[in-house]
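The structure appears below as structure tokens.
The values are calculated or read from the model by the stated rules, or taken from the named source; none is laboratory data. On a predicted model such as this, the values are computed, not experimentally measured, just so you know. Glycine gets a Cβ as well: all are built from the backbone with ideal geometry, and neighbour counts include every protein chain shown. Just so you know, the surface numbers come from the protein's heavy atoms only, side chains and all, with ligands and any DNA or RNA stripped out. Shrake-Rupley method; radii C 1.70, N 1.55, O 1.52, S 1.80 Å.
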Amino acid sequence: MAAFADAIIAWQRRHGRHDLPWQNTTDAYAIWVSEIMLQQTQVTAVIGYYAKFMQRFPSITALASASQEEVLQSWSGLGYYSRARNLHNAAQKIRDEFSGVFPTQFDAILSLPGIGKSTAAAISTFALHAPQPILDGNVKRVFARHFNIAGWPSAPAIEKKMWQIAQRENPSALNQNARAIAYTQGLMDLGATLCTRSKPKCAACPVNASCEALAKKLVHTLPTPKPRQVIPEKNTTMLIFINGDEVMLEKRPPVGIWGGLWSFPEVNNDDIHLQNASPLTKLTHTFTHFKLHIQPQLVHTSKKSQANEPHTIWLNLDDAIGAAIPTPVRKILQELHRANKKSA
Ligand code: SF4
């Protein structure tokens, strides 16, 4: 079975990615942050955020000592905010329970908030010279195609099968660290650059000779998509209280959708009977499990009537755009900012 790993390793050394900001280091913190940011997010989107995050929180201690507000602000726009909250909680756990040093035992890494088996394996392989098999979304796609595994890859039975393949193919069994690093990075690179979701570049693939999906013309049917579910749709009205160029933001509860971020107060569409309210452009935001249709209503107010409400803050538009806010709120603020500039 070493042929698969050999081909991936040789290809990675010649054609893989070698200059990403989190490569060429064994700093577990730097690798951990990159692995968390790269979950559900492409490299090109991550690079800018990563540089700013590492500059603002250069160490585990710096991250642990920051407020959740600061961490969320640095994450603002990347989405999936539980990743940022978990990263922050995990840094505090490392500070409090591991004397501020990233743990080296696999089980201890797995015990940190927000770190699953594949992420722990990647950190262990790249930072700690203790290679472990990985199985992230890109790798699942490569395995589903190359080894012709039908079924949605995240279904428990299919995932179990894939972990067995991951274990079987991983050169760590041979205790060869450098090869294991090249293999792990190679699998990630292959999934991200050649064995892509659409239009895979099979002609350039280092394992095309043994790829079952290619031989059986199944490349475009694998991996099996997630069984279709009707995603529920919800409606909400966001109230944008504005006074001059200042808007009111409200802190969301610490857990749940956009937990801990600043947003606008929301009401049910039916409950709105506001004077001085004028609708802005509607927008839709898609979460993994539902779609949210948002009707922003601009409410001009002559005084900051909500100023003493708990969990609220008034900020000018520039500061509000730079605060820890979710993407749709930023889009609304940017629209307001453009409108303000035009009328100035
Ligand atoms: S030959 Fe094509 S489908 Fe098969 S692993 Fe390579 S890129 Fe993916």
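For Arg228, the conditions (1) open to solvent by less than 90 Å² (accessible area, probe 1.4 Å); (2) at pLDDT below 90 are fulfilled apart from (1). Out of Ser118, Ser124, one residue alone is buried (at least 19 other Cβ atoms within 10 Å of the Cβ), closer than 28 Å to Arg228 by Cβ and away from the ligand (no atom under 16 Å from the Cβ). It is Ser118.
Pick from Leu214, Leu190: which is near the ligand (Cβ under 8 Å from one of its atoms) and over 29 Å from the mean Cα position of the chain (by Cα)? Walk me through it before giving the result.
On the way: Leu190 fails: over 29 Å from the mean Cα position of the chain (by Cα).
Result: Leu214 is the single residue among Leu214, Leu190 that is near the ligand (Cβ under 8 Å from one of its atoms) and over 29 Å from the mean Cα position of the chain (by Cα).
Pairing each residue of region 29-48 that is without any contact (Cβ under 8 Å) to a residue 40 or more places away in the chain and farther than 19 Å from Gln92 by Cβ with any residue that is surrounded by fewer than 18 Cβ atoms within 10 Å (Cβ to Cβ) and not β-branched (Val, Ile, Thr), provided the two are 6+ apart or on different chains, yields C-beta distances under 7 Å for Ile47/Pro21. The sole residue among Pro227, Pro254, Pro206, Pro223 that is of a type outside the set (Phe, Trp, Tyr), in a loop (DSSP other than H, G, I, E, B) and assigned by TED's automatic domain parsing to the domain that holds Gly77 is Pro206.
Per-residue answers, yes or no, for (1) assigned to a helix (DSSP H, G or I); (2) among the aliphatic types (A, V, I, L, M); (3) modelled with pLDDT under 95; (4) open to solvent by 60 Å² or more (accessible area, probe 1.4 Å):
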residue: Ser34; (1), (2), (3), (4): yes, no, no, no
residue: Gln40; (1), (2), (3), (4): no, no, yes, yes
residue: Tyr50; (1), (2), (3), (4): yes, no, no, no
residue: Pro58; (1), (2), (3), (4): no, no, no, yes
residue: Thr61; (1), (2), (3), (4): yes, no, no, yes
residue: Ala64; (1), (2), (3), (4): yes, yes, no, no
residue: Gln73; (1), (2), (3), (4): yes, no, yes, yes
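Among the residues of region 145-199, the ones that are open to solvent by less than 20 Å² (accessible area, probe 1.4 Å) and of a type in the set (Asp, Glu) come to 2 in all.
Pairs meeting the criteria (first residue in region 197-221 and over 19 Å from His15 (Cα atoms), second residue aromatic (Phe, Trp, Tyr) and not in a helix (DSSP H, G or I), beta carbons under 7 Å, at least 6 apart or on different chains) are Glu212/Phe147.
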